[in-house]
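Worksheet: the structure to be examined is printed underneath.
The values are calculated or read from the model by the stated rules, or taken from the named source; none is laboratory data. As the structure is a prediction and not an experimental result, all values here were calculated from the model. Every residue, glycine as well, gets a Cβ built from its backbone with ideal geometry; the counts of neighbours run over all protein chains shown. Just the protein is used for accessible areas: all its heavy atoms, side chains included, with ligands, DNA and RNA removed. Shrake-Rupley method; radii C 1.70, N 1.55, O 1.52, S 1.80 Å.
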Amino acid sequence: MTSPAPTSPARPHVPEADATHSVLSALRSPRRLRTEVLAGLVVALALIPEAISFSIIAGVDPRLGLFASFTMAVTIAVVGGRPAMVSAATAAVALVVAPVAREHGQDYLIATVILGGLVQVALGAVGVARLMRFVPRSVMVGFVNALATLVFLSQLPHLVDVPWAVYALVAAGLVVVFGLPRLTTVVPAPLVAILVLTVVTVAAGISVPTVGDEGELPESLPALLLPDVPLTLETLRIIAPYAATMALVGLLESLLTAKLVDDITDTHSDKTREAWGQGVANVVTGFFGGMGGCAVIGQTMMNVKAAGARTRLSTFLAGVFLLVLVVGLGDLVGVIPMAALVAVMIFVAVAAFDWHSVRPSTLRRMPGSELVVMLTTAGVTVATHNLAYGVVCGVLVAMVAFARRVAHLTDVTVVDTGDERTRTYAVTGELFFASSNDLVYQFDYAGDPSRVVIDLAGAHIWDASTVAALDAITTKYAARGTTVTIVNLDEDSARRHERLAGQLGAGH
């Protein structure tokens with residue numbers, strides 16, 4: 001009688017975003033379809049003033065930002081890995097490419113965007129998305145709180161030196177976006193706020209800043225073009241540093257946003273596809289004369305949290321609606337009061353902020369190192385207005401804190417074996433550069449007998465620093481005529497020790 005084949009342990013099921021939130025499922029459900037369509041509309045309205053302002057940051061015509069938001073949203077809806085996430089022109093990319101536009105002109109900027117997209121495709125192909133596993137939760141919390149703070153701070157200029165009616169309109173908008181969901185969720189509250197405040201200002205003739213005041217809207221569709229730059233090494237030398245920076249900043253912001261949406265929707269998305277998809281979207285954007293972009297966090301939160309969108313349809317329609325609105329309905333869009341959009345974005349900031357993370361009860365329970373990581377991430381991001389800087393600093397602080405914590409778990413104790421001619425030391429813990437530096441000082445070289453045994457059954461060798469420390473210990477004992485035997489290494493540690501022992505120049 002044959003025994004049954006062994007079965008692998010059951011793995012917890014993680015729903016795939018495309019499986020549970022597909023476009024086909026939305027098309028088959030009138031309620032879901034309505035949600036996706038209305039979400040796309042409200043996101044499109046919110047993208048317009050931001051695309052214009054990011055174009056101003058980059059020092060280019062507002063059409064480049066608006067066309068970028070259209071092509072990025074439509075393209076990423078098809079090729080991206082995270083349904084319902086919105087990509088468009090962003091401040092992070094605008095800041096990176098601004099020097100190119102300022103010093104070399106629009107054609108060099110477009111060439112930079114295309115090259116940056118190709119770099120992102122290459123990085124996605126080699127699996128750079130897998131590095132997201134090294135971003136700890138405390139960094140993600142700091143990232144979320146920082147982006148919410150930045151979204152809020154970005155609205156303050158619209159509240160300075162403005163007519164008193166702006167404040168009344170913003171207050172009314174906040175009442176709608178926070179209060180309407182308590183009554184009904186049939187129509188997204190942000191869309192209702194925008195429509196109601198627009199009707200009120202136009203009907204009452206209230207003079208307040210409008211979307212049209214932010215910049216000129218395009219009157220024609222984007223056209224396919226090639227940047228007029230010489231195909232030389234000199235051109236590559238000029239644009240390559242900016243393209244590489246744009247690629248890295250865009251990927252980091254997009255992948256972190258994708259992970260955030262995963263958590264909100266309780267679904268898993270394909271980060272590798274998202275990485276190269278961002279690159280494809282930027283290449284397409286460059287060839288249509290856009291300024292490039294990445295995931296936009298504020299509009300993504302509006303799409304997913306405020307409007308309840310879950311599929312690629314909302315992102316695709318956001319791009320389509322944006323183009324229709326600015327090209328075909330520019331006069332109507334131009335009269336939307338900025339106060340309405342400010343109220344919506346404040347609502348997004350409040351909804352995105354992780355209020356649980358700053359409760360006194362949470363702060364009391366949180367380890368000090370975790371709190372420092374969270375504050376570093378949030379503080380650097382807000383100070384620099386660059387999410388990439390904040391996340392990198394947060395990860396570095398987390399790595400140092402982890403290394404310090406693990407290093408203190410290493411212990412060296414003397415084991416009583418009853419043999420007076422042999423001293424046995426038991427080393428326990430994870431041995432790497434931070435914990436093994438002090439290892440050499442924990443042995444009694446002068447007082448030990450002629451034979452010493454170092455038992456590593458409870459330890460693991462992780463790097464060359466530890467092998468060098470063991471070499472130094474062996475050398476110090478050898479200088480006194482003592483023989484050292486290292487025993488009970490696990491298979492991985494034994495391989496590393498055998499390969500590196502005596503080859504690191506540590507015997508001194």
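The alpha-carbon positions of segment 134-267 define a convex hull whose volume is 241 Å³ per residue. Here r is the Cβ-Cβ distance between LEU153 and HIS460 and R0 is 41 Å; the resulting FRET efficiency, rounded to 0.05, is 0.35. Residues whose amide H falls under 5 Å from that of HIS268, counting only those 5 or more places apart or on a different chain, are GLU16, ALA17, with hydrogens built in the peptide plane.
How many percent of DSSP beta bridges within the chain run antiparallel, rounded to 5? DSSP beta bridges in the chain are roughly 35 percent antiparallel.
About the Cα centre of segment 242-302, how large is the charge dipole given +1 on each Lys and Arg Cβ and -1 on each Asp and Glu Cβ? Please answer in debye to the nearest 20. Walk me through the numbers before you get to the answer.
Working: 3 positive and 6 negative charges, 41 e Å.
Taking the Cα centre of segment 242-302 as origin, the dipole is about 200 debye.
A 1.4 Å probe run over the chain, with the rest of the protein chains in place, finds 47 Å² accessible per residue.
Our coupling estimate for segment 258-270, obtained by passing each phi through the Karplus curve with A = 6.51, B = -1.76, C = 1.60 and θ = phi - 60°, is 4, 5, 5, 5, 3, 5, 5, 8, 6, 10, 9, 10, 8 Hz, Gly and Pro reported as x. Applying 0.36 nm per residue to the separation of LEU24 and ALA168 and subtracting their alpha-carbon distance, the gain on full extension is 47.6 nm.
Segment 194-232 and segment 431-508 have Cα centres lying 68 Å from one another.
Calculate the FRET efficiency for ASP492 and ALA383 from the Cβ-Cβ distance with a Förster distance of 45 Å, rounded to the nearest 0.05. Rounded to the nearest 0.05, the efficiency is 0.60. Peptides 213-224, 311-322, 240-251, ordered by how many other C-beta atoms sit within 10 Å of their residues on average, highest first, read 311-322, 240-251, 213-224.
Could you work out what % of the accessible surface of the chain is carbon and sulfur, using a 1.4 angstrom probe and leaving DNA, RNA and ligands out of the count? Walk me through the intermediate numbers first.
On the way: 14960 of 23740 Å².
Carbon with sulfur: 63 percent of the solvent-accessible area.
Arranged from highest to lowest average of other beta-carbon atoms within 10 Å per residue, in what order do the peptides 88-94, 53-59, 267-273 appear?
Details: 88-94: 28.0, 53-59: 21.7, 267-273: 19.3.
In decreasing order of mean packing, 88-94, 53-59, 267-273 become 88-94, 53-59, 267-273.
Here segment 225-320 has an Rg and Dmax of 15.7, 48 Å, counting Cα atoms alone.
Straight-line reach from LYS259: which lysines have Cα under 30 Å away, leaving out those fewer than 8 places along the same chain? Within the straight-line cut-off, LYS259 pairs with LYS271, LYS305. The length gained on full extension between SER369 and PHE134, counted as 0.36 nm times the residue separation minus their Cα-Cα distance, comes to 83.0 nm.
Remark: segment 288-297, residue by residue, has Karplus-estimated 3J(HN,Hα) of 9, x, x, 8, x, x, 6, 5, 9, 6 Hz, where x stands for each Gly or Pro and the curve is 6.51 cos²θ - 1.76 cosθ + 1.60 at θ = phi - 60°. Judged by the gyration tensor of its Cα atoms, with axes a ≥ b ≥ c, segment 55-157 is oblate; a/c meets the 1.5 cut and b/c is at least as large as a/b.
Here the gap between PHE178 and SER207, fully extended at 0.36 nm per residue and compared with their Cα-Cα distance, gives a gain of 7.9 nm. Projecting label points 7 angstrom from Cα along Cα→Cβ for GLN503 and VAL199 puts them 7.7 nm apart. Between THR428 and ASP416, the modelled label-to-label distance comes to 1.7 nm, taking each label 7 Å out from Cα in the direction of the beta carbon. Whole-Hz Karplus values for segment 238-252 come out as 6, 8, 4, x, 5, 5, 5, 5, 4, 4, 5, 4, x, 5, 4 Hz, taken residue by residue from phi with 6.51 cos²θ - 1.76 cosθ + 1.60 and θ = phi - 60°; glycine and proline positions read x.
What ranking do 62-74, 481-493 get when scored by the average of other Cβ atoms within 10 Å per residue, highest first?
Values: 62-74: 28.9, 481-493: 13.9.
Order by mean packing, descending: 62-74, 481-493.
Counting Lys +1, Arg +1, Asp -1, Glu -1, what net charge surrounds SER465 among other residues with beta carbon under 14 Å of its beta carbon?
Working: positive: ARG496; negative: GLU430, ASP438, ASP463, ASP471.
Taking every other residue near SER465 into account, the sum is -3.
Both the radius of gyration and Dmax for segment 23-358 are 19.1, 62 Å, in that order, over alpha-carbon atoms. Taking amide H as placed 1.01 Å from N in the peptide plane, the amide H of THR424 sits under 5 Å from that of VAL415, THR417, VAL453, each at least 5 places away or on another chain. For segment 409-500, the alpha carbon positions stretch 32, 25, 22 Å along the principal axes, listed from largest to smallest.
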